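The values are calculated or read from the model by the stated rules, or taken from the named source; none is laboratory data. All figures in this text were calculated on a predicted structure; none of them were measured in a lab. Reconstructed Cβ throughout: ideal geometry from the backbone, glycine too, with neighbour counts over all protein chains shown. Quick note on the areas: whole protein, heavy atoms, side chains included, nothing else; ligands and nucleic acids left out. Shrake-Rupley method; radii C 1.70, N 1.55, O 1.52, S 1.80 Å.
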Amino acid sequence: MPAETTESASVAAGTKPHAAFFRQSSWLMMATMVAGALMWGVHFLSKKIPPAEYGVLITLFSVVNIVPTIPFQMVFAQQTAQALATGGERRLRGTIRAAWLGTVLFWLVAAAVTLCFQRHIVANWYLSNPVALWLLLLVILFSLLMWLFAGVMQGQQNFLWLGWANIFNGVFRLASAVGIVLVLSGRATGIMTGVLIGLVTATAVGIWQTRSLWRGPAEAFDGRGFLRQV
């Protein structure tokens, strides 16, 4: 009888991780679908802006899409999970800080190069407002930072807020774009402003939720090893 009780308890204990896994997976799948639908919603604003402006918007989106953000998330998810499992929190702090700083410094160099060629880019991309180019640069920066912290949240198995960050990104993107285009008569620049607001919101959620992992004493950053992983 005790053996049967022990076996039943083991089976019950074994089902809990599986139930949690499916619950979390379902939540992330639903959050991803909702966020994707909200993000796609900005394309319906094409009827409210001139066709040429929508063409500019597609060009800007295409540039954002070629930025390799997914490897960032994958690497930081693996780094975070490994550090938490092996007691390497100090190493993880050094990695997060160095990647954050390196991303911003790289972006500043790219912004300086863009400034040098701004007139040429604006003319060849048929941008009616040069501000759209600088919004594009900010969107790229926060895309990288958002996926960096999304990877950390994934590695710490904070799936609840990872899903909410995705949803907030879509909600604030669409709501801001709709308000700017319909109320303020914005065009491609207005929609890109909405995209930026959504990314900033999602990044802020990631920074807030991972603050315990990047604050405090840190070890030196292994740049070569990290770049090989990326």
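Brief remarks on what is shown
- Qualifying position, being over 18 Å from residue 39 (Cβ atoms) and touching a helix residue (DSSP H, G or I) at 6+ places or on another chain (Cβ under 6 Å), among 172, 159: 159
- So residue 187, is it closer than 30 Å to residue 215 by Cβ, modelled with pLDDT under 95 and not acidic (Asp, Glu): no
- Qualifying residue in region 160-180 (condition: closer than 22 Å to residue 79 by Cβ and either among the β-branched types (Val, Ile, Thr) or in contact with a Cys (Cβ under 7 Å, 6 or more places away or on another chain) (or both)): no
Each row is one residue, and each column tells you yes or no for (1) more than 30 Å from residue 187 (Cα to Cα); (2) open to solvent by less than 70 Å² (accessible area, probe 1.4 Å); (3) assigned to a loop (DSSP other than H, G, I, E, B).
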residue: 93; (1), (2), (3): yes, yes, no
residue: 98; (1), (2), (3): yes, yes, no
residue: 104; (1), (2), (3): no, yes, no
residue: 107; (1), (2), (3): no, yes, no
residue: 110; (1), (2), (3): no, yes, no
residue: 114; (1), (2), (3): no, yes, no
residue: 160; (1), (2), (3): yes, no, no
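- Selection count, region 201-230, where residues are open to solvent by less than 60 Å² (accessible area, probe 1.4 Å) and either touching a Pro at 6+ places or on another chain (Cβ under 6 Å) or farther than 25 Å from residue 81 by Cβ (or both): 1
- Options 191, 197, 121; residue that is open to solvent by less than 70 Å² (accessible area, probe 1.4 Å), β-branched (Val, Ile, Thr) and over 16 Å from residue 38 (Cβ atoms): 121
- Residues (more than 21 Å from residue 220 (Cβ to Cβ), at pLDDT 90 or above and either of a type in the set (D, E, K, R) or open to solvent by less than 30 Å² (accessible area, probe 1.4 Å) (or both)) located in region 65-91: 77
- Residue in region 200-221 that is nearest to residue 39 (Cα to Cα), counting only those that are among the polar types (S, T, N, Q) and assigned to a helix (DSSP H, G or I): 201
- Pairs where the first residue, in region 63-85, is part of a helix (DSSP H, G or I) and the second is open to solvent by 50 Å² or more (accessible area, probe 1.4 Å) and among the hydrophobic types (A, V, I, L, M, F, W, C), C-beta under 6 Å, 6+ apart: 71/230; 72/147; 73/147; 75/230
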